[in-house]
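FYI, it's all coordinate maths here, none of it is from the lab. As the structure is a prediction and not an experimental result, all values here were calculated from the model. Here the Cβ positions follow ideal geometry from the backbone for every residue, glycine too, while neighbour counts run over all protein chains shown.
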Amino acid sequence: MVRCVGHHLRSWSVTTWRHVVDIDVSAGAVTPGDVPNALELLDDVLAIAYGDRDAAALDVVDQVFRTLERRPAPNPGAAAAEREARDALQHHVRTGHLALSGQARLRGTTRGDELMSPFEDAPAAPPPPPPATTWFALRLVDEVGDPIDGIEVEFEVLGEKQKATTDGSGRARIDGMEGGSALATIPSPSRVRDKLKPRWTSPRTPVIPESTPEAPVETDVLDDDLDPVALKKELETTLVILPRFACRGITATTFDFGRSFVRREAIVPMASIAQELHQDDGQLAWLFAHTDLSGPEKLNKRLSERRAEALFAVFTHDVSRWEALWKGEPKGSPWSESWGTREVQHMLNALGCGDDAGKSLGEDGDNGSKTKQAIRRFKRKDYPTVPAEQADLPDDHKIDAPFREQLFLAYAKLVGREPVDAARFATIGSAAFMGCGEYNPLSLSAKDRESRRAVVFIFDPAAQPQAPPCVLGSIDACKPTLDPVPAADAPPPYLRCSFYRTISSCCQSTGGADLVHDVIVRFFMDLKSANGLSHEFVLEAEDMPGDDSPTPPFEQRQALKQHAREVVAEGGAAEGDDAGAGTPPPADAPAMVELHFTHVPDAAMYRLRVEGTTEPYTVFDHTPFHMISELSAAPGVPRMPRLWAILHAPPPPDPLGP
């Protein structure tokens, strides 16, 4: 029997085998002294819901679960459904948001087909033996064995969670527990990074102890997440935290055949990398560029270096480097090229600066009337993606140095409104970037567009590889590291350089930056409109929603007029020498800008709010990670009706799945 009370269905009543249980959902509904009794009643309710498959009780569990978790309750047909429901609802009991109270059922009342006699006393059950208790421990150390103190560790034993903080020896321990195994999780990897950042300012050689049955050792790389660690009772496990060394690819269609100009297709992956390098986390980067197998070795070495330098110039907004590349300097090198009208047309198209009719330019290198119209529109700042910082230019159609400077800066700001600090690029030998030539192709085809790529490695200084053999302008230093030329039927990968092969072992793919823990908020407006708005978006993550803490565990701010960047449509390009004639974005494509929040930690709930306006407001509040992506289909929010919020995350779980 189920009884629902209240207009908003926040109170229910369920009759179990032993009790009539009243359930109430409201903040502060349960006090710490009520928790043990409430947990016992919750077990009764879940037993008839999932054990007996009582339809009415299952419906109540689903309603309570939806109210608190904002998703359906686990499917009763799944093996671990009851445990998942118990873990989630027990959490809400302990945090004071779910109250259960009950009265013993009167004898003589029925449930199902059975009748309890009012004259029949239930046999007295023998008292249970006292439970055997034990302890679990995790020791946290860095890669050279020094302890990491002050880190909160969450232990889960038989569905019950308990927290402890590492002491001066790096040890976190819980006592008085039942069970033979536990799972230890570190909820805040960012706090670990704060502890280790002062230690990881220079390269260090890891010293990893040997793992034995008596002294287990686990290792994990410090990233946005740390994997849970399985523990055995009365056996201390050591977790060694290793510095990060990650791979970020800038792939395919980035460069035309035999060219070093950075095409618009590179903007999206470059923007993600730039956002990572804007974080104040002390991490550094290495930038490598490559060619395919077509052409002589020395020519390809220089071409790959020009490609790396062009990318470096875009990342750092280095006008002088870009201008030198534009002119083809230095003359007389094994590979020298100059850029011209075709590159101007390409950048103007990427910026949405078409002719006077608003149409995109043909990227044919012909400085005709339509191209001249677009140049004049750019100089007049008559295009949707104009940055507020663009300098004034004379109203003419000359492709002179001042025009090229402002055009390059506007193009580079599609990657990031602020330049990446050049100091974030660690030197490779004596250079801020490096070209590998043809020595690390992705296929053995002479003209392979996939091989015309670049890779950025992002790492903690403690993980920086030492003694790279690379030298700008010379293939002699490469020769001792090279494997023989692979046979025509050899399987990939074809990384001939042993040094590059070692450092690229972290590359799981050649795709762009991993956005699993990034939040991108997009707006249907152009950059000029965004520059005029005072909205500052604040993303917060919280483990305990509703605790009213003045300082959330995670907070990141992005202002429209300072951090918004134009969203550039990713388009294809033709194969071969003519790849530069790729299709520009449609002229009628809607203008969009975006804010990019990076390194977002795992948490129970997330909140996005807006400051800087007359009436600050909340975009979404107390929203689980996997549900944020669903907001893109939601109606507009108050005071900014054209907001489109999306989350780059794994797809939400199937509510009907196991």
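Listed values, structure above:
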{"item": "Rounded to whole Hz, the Karplus (6.51, -1.76, 1.60) HN-Hα couplings of the stretch 607-612, x for glycine and proline", "result": "9, 10, 10, 10, 10, x"}
{"item": "Potential extension, Arg53-Thr165 segment - 0.36 nm per residue separation minus Cα distance", "result": "36.3 nm"}
{"item": "Fewest-first ranking of Glu178, Glu82, using other Cβ atoms within 10 Å as the exposure measure", "result": "Glu178, Glu82"}
{"item": "q = 0.19, 0.22, 0.26 Å⁻¹, the stretch 428-496: log10 I(q)/I(0) [Debye, one scatterer per Cα]", "result": "-0.93, -1.14, -1.31"}
{"item": "Label-point separation, Ser498 to Ala79 (7 Å along Cα→Cβ), nm", "result": "4.7"}
{"item": "Pairs of alpha carbons in the stretch 129-263 whose separation is greater than 23 Å (percent)", "result": "42"}
{"item": "Segment Glu337-Asp364, extension gain: residue separation times 0.36 nm, minus the distance between their alpha carbons", "result": "8.0 nm"}
{"item": "Label-to-label distance, nm, for residues given as Leu158 and Asp392 (7 Å Cα→Cβ offset)", "result": "7.8"}
{"item": "Amide H contacts of Gly150 (H built 1.01 Å from N, under 5 Å, at least 5 apart or other chain)", "result": "Thr166, Asp167"}
{"item": "Kirkwood-based shape ratio for the stretch 247-506, expressed as Rg/Rh from alpha carbons", "result": "0.99"}
{"item": "Percent of Cα-Cα distances greater than 21 Å, calculated over the stretch 376-465", "result": "57"}
{"item": "Amide H contacts under 5 Å for Val221, placed H, 5+ residues apart", "result": "Leu242"}
{"item": "Karplus-derived HN-Hα couplings along the stretch 192-204 (A = 6.51, B = -1.76, C = 1.60, θ = phi - 60°), whole Hz, x at Gly and Pro", "result": "4, 4, 4, 5, 8, 3, x, 7, 9, 8, 8, x, 9"}
{"item": "Other-chain or far-sequence residues with amide H under 5 Å of Val593's (modelled H)", "result": "Phe523, Met525, Val567"}
{"item": "Compactness of the stretch 315-430, expressed as Rg and Dmax over alpha-carbon positions, Å", "result": "15.2, 50"}
{"item": "Residue-by-residue Karplus 3J(HN,Hα) for the stretch 384-397, coefficients 6.51, -1.76, 1.60, Hz, glycine and proline x", "result": "x, 9, 4, x, 4, 7, 4, 6, 6, 9, x, 7, 9, 10"}
